[in-house]
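As structure tokens, the structure follows; a few thoughts come after it.
The values are calculated or read from the model by the stated rules, or taken from the named source; none is laboratory data. All of these numbers come straight from a predicted model, not from anything done at the bench. Glycine gets a Cβ as well: all are built from the backbone with ideal geometry, and neighbour counts include every protein chain shown.
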Amino acid sequence: MNLREHVVLGGGAALALTPVLGAQDSAVFWAASVLIDADHYWDYLYRSRFRDWSPRRMFEFHRTLFPQIRRPDFLALSFFHTVEWFALVYLVATFLESSAVAAVFWGMAFHLALDALWLTLHRALFSRAFSMIEYVLRRRRLRQRGLEPDLVYDEALTAIGVTPVARPSPSLPSPL
Ligand SMILES: [Zn+2]
């Protein structure tokens, strides 16, 4: 789901929740439901090895990636969209007894539900790992099957004119 859709739908939900959350926490809910996607920018910085900071090319990068999400070697991780991050925010909200941090949590949960729905509609719900541990295990499994999970990202970088960093080629399987 793109940024504009998140802004509109998150804004609508925040508005509807104003009688429950109050104006201030509703605004926090809205901001969290949009800003959670900041990790896509981080992902681009990481993939380009911090050599390109252009937001325009970041959007281009993700647009180029999108048609590939059903490839068997495609696996994404967005840190702010993982159960580990959600658990941390939930614990902080509980520990601080903060309604603002709780609003952040529910804004993020609203966003994640929309993302999950959207990915399901594109029959690609599991193109993104929902947990860091899941990501590590699935990456390892892809490599064991002879697939390279970084390849699709390198191809997207090349397509938008950013040279990917050369990686050591995976060692050939032993004939024994
Ligand atoms: Zn998202």
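Collect the residues in region 79-99 that are in contact (Cβ under 8 Å) with a residue 24 or more places away in the chain and either assigned to a helix (DSSP H, G or I) or more than 16 Å from the ligand (Cβ to nearest atom) (or both), keeping them in residue-number order.
Phe79, Phe80, His81, Val83, Glu84, Phe86, Ser99
Evaluate region 131-153: report whether one residue or more is closer than 18 Å to Asp25 by Cβ and more than 16 Å from the ligand (Cβ to nearest atom). Checked region 131-153: no residue is closer than 18 Å to Asp25 by Cβ and more than 16 Å from the ligand (Cβ to nearest atom). Return yes or no: is Val162 surrounded by 17 or more Cβ atoms within 10 Å (Cβ to Cβ), more than 13 Å from the ligand (Cβ to nearest atom) and of a type outside the set (Asp, Glu)? When the stated conditions are applied, Val162 passes them. The residues of region 43-73 that are part of a loop (DSSP other than H, G, I, E, B) and either at positive phi or surrounded by 19 or more Cβ atoms within 10 Å (Cβ to Cβ) (or both), listed by number, are Ser48, Arg49, Phe50.
Determine if region 27-37 includes at least one residue that is over 24 Å from Ala156 (Cα atoms), part of a helix (DSSP H, G or I), free of Cβ contacts under 8 Å to residues at least 40 places away in the same chain and away from the ligand (no atom under 12 Å from the Cβ). Looking through region 27-37, at least one residue is over 24 Å from Ala156 (Cα atoms), part of a helix (DSSP H, G or I), free of Cβ contacts under 8 Å to residues at least 40 places away in the same chain and away from the ligand (no atom under 12 Å from the Cβ). Of all residues in region 100-128, those that are more than 16 Å from the ligand (Cβ to nearest atom) and among the charged types (D, E, K, R) total 1.
Every test in (1) touching a Gly at 6+ places or on another chain (Cβ under 8 Å); (2) at pLDDT below 90 is passed by Glu5 save one, and that test is (1). In this entry, Leu125 is excluded by the filter for residues that are surrounded by 12 or more Cβ atoms within 10 Å (Cβ to Cβ) and farther than 29 Å from Leu88 by Cα. Test Arg4 against the stated conditions and say whether it is surrounded by fewer than 17 Cβ atoms within 10 Å (Cβ to Cβ), basic (Lys, Arg) and within 14 Å of the ligand (Cβ to nearest atom). Against the criterion (surrounded by fewer than 17 Cβ atoms within 10 Å (Cβ to Cβ), basic (Lys, Arg) and within 14 Å of the ligand (Cβ to nearest atom)), Arg4 qualifies.
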